[in-house]
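Please treat every number below as a calculation from the coordinates, not as lab data. Note that the coordinates shown come from a computational prediction; the quantities given were computed from them, not determined experimentally. Cβ placement follows ideal geometry from the backbone for every residue including glycine, while neighbour counts extend to all protein chains displayed.
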């Protein structure tokens with residue numbers, strides 16, 4: 001069987017410097033594909049997808065709501081020629097009914113331990129429309145290393161620099177934040193992977209810079225301490241979502257290689273100011289993820305929020321507009337209040353207003369979104385601030401000698417690939 005795995009294209013934030021990280025969902029899925037299945041992969045964000053070929057099965061990995069329209073187009077193109085299509089991923093779980101109508105089958109839930117049975121149904125022509133494992137989460141011990149060999153890393157560089165590789169040390173989240181769907185997807189249950197498996201996966205990644213994509217590392221203090229102590233000897237540099245605000249844990253995170261964190265900021269409270277200060281005290285940078293358009297936000301509030309970010313000298317900021325995704329608490333509230341303006345999923349990109357704000361017009365909120373980007377970055381632009389953050393990681397890599405080590409390793413890998421290409425051409 002030849003399976004073609006496709007990651008549909010999706011639009012970047014209009015104001016954000018365009019870069020492309022290697023996608024995580026497809027490589028996690030690929031790790032469960034049996035060895036007797038020939039697997040090819042196309043990230044449509046980086047290369048054209050050929051819709052005229054004839055694989056035995058097309059698998060769509062769909063992470064974002066704004067990928068759904070394109071995923072349906074790809075599915076329609078293949079199904080028109082009788083080629084079956086299976087779709088899975090976070091967005092498929094959020095849009096299960098819609099995607100089930102567009103595909104031969106949808107896979108809902110986590111893939112570990114279940115895919116082989118689904119593929120057996122395809123081989124036997126006994127496919128079910130819906131494979132729902134959302135309430136049958138696999139044991140987290142079952143999660144192995146992602147299959148990154150399907151990636152073409154030449155597609156994931158920025159100005160010649162290789163982007164971070166994505167990895168996860170846990171699944172689930174004990175929190176239930178109002179704009180987030182994680183509680184729907186897997187329940188409010190934090191599920192840490194065995195630390196020895198995390199260490200093994202990190203060791204296997206030939207990249208000095210990583211992104212722990214866990215919903216939050218601030219879930220269990222004892223686990224955080226153990227994790228940071230375990231990965232410290234690997235001498236990687238990494239970014240993550242929030243870390244527990246504890247001086248011992250923050251110190252361990254820095255020693256383990258934490259470069260910077262993504263920190264949600266929705267107000268100008270002393271707690272936020274203190275949180276940013278403590279990160280920086282431990283030489284951990286902060287990129288704020290700034291959500292605009294909550295019910296507390298009027299024009300004056302948003303302007304003061306941007307001034308606050310400049311005052312606390314935030315390293316980077318990513319401004320987004322509150323977006324009511326399906327199966328989130330805020331979606332339920334807005335639906336009940338009749339405040340949803342559109343269900344055109346291609347507009348659910350976090351940079352467009354798709355609901356009626358409480359204290360602003362939709363047009364004014366959109367204007368303030370552009371104002372926030374311009375006011376924060378000013379004449380220097382986003383590249384200047386990112387360059388400064390990059391300089392800090394280079395200094396740390398020079399301090400501990402990892403920069404030279406990984407440069408040498410990557411140079412040898414490039415030479416090996418070049419030799420292989422030369423031999424293949426003989």
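Assign one of three labels to the chain, namely rounded, prolate or oblate, based on the Cα gyration tensor with a ≥ b ≥ c the square roots of its eigenvalues; rounded applies when a/c is under 1.5, prolate when it is not and a/b is larger than b/c, and oblate otherwise.
The shape class here is oblate.
Quick one: P(r) of segment 159-225 from all Cα-Cα pairs, 5 Å bins, percents rounded to integers, in order of increasing distance.
Going from the shortest bin to the longest, the percentages are 3, 16, 23, 20, 16, 12, 7, 2, 0.
So what is the calculated 222 nm ellipticity per residue for the chain, using -39500 (n - 2.57) for each DSSP H run with n of 4 or more, over all residues, to the nearest 500 deg cm²/dmol?
Rounded to the nearest 500, the figure is -12000 deg cm²/dmol.
Is segment 61-120 best put as rounded, prolate or oblate by its Cα gyration tensor, with a ≥ b ≥ c the root eigenvalues, rounded for a/c under 1.5, and otherwise prolate when a/b is larger than b/c, oblate when not?
oblate
Once a ≥ b ≥ c are taken as the square roots of the eigenvalues of the Cα gyration tensor of segment 73-191, is the result rounded (a/c under 1.5), prolate (a/b larger than b/c) or oblate (a/b not larger than b/c)?
Here segment 73-191 falls in the oblate category.
How many nm is it between the label spots at residue 311 and residue 220, if each spot is 7 Å from the Cα in line with the beta carbon?
Label-label distance for residue 311 and residue 220, simple model: 3.9 nm.
What is the distance in Å between the Cα centres of segment 186-228 and segment 59-100?
So the separation of the two Cα centres works out to 29 Å.
What is the ratio of the Cα radius of gyration of segment 164-404 to 2.2 N^0.38 Å, where N is its residue count, to two decimals?
1.07
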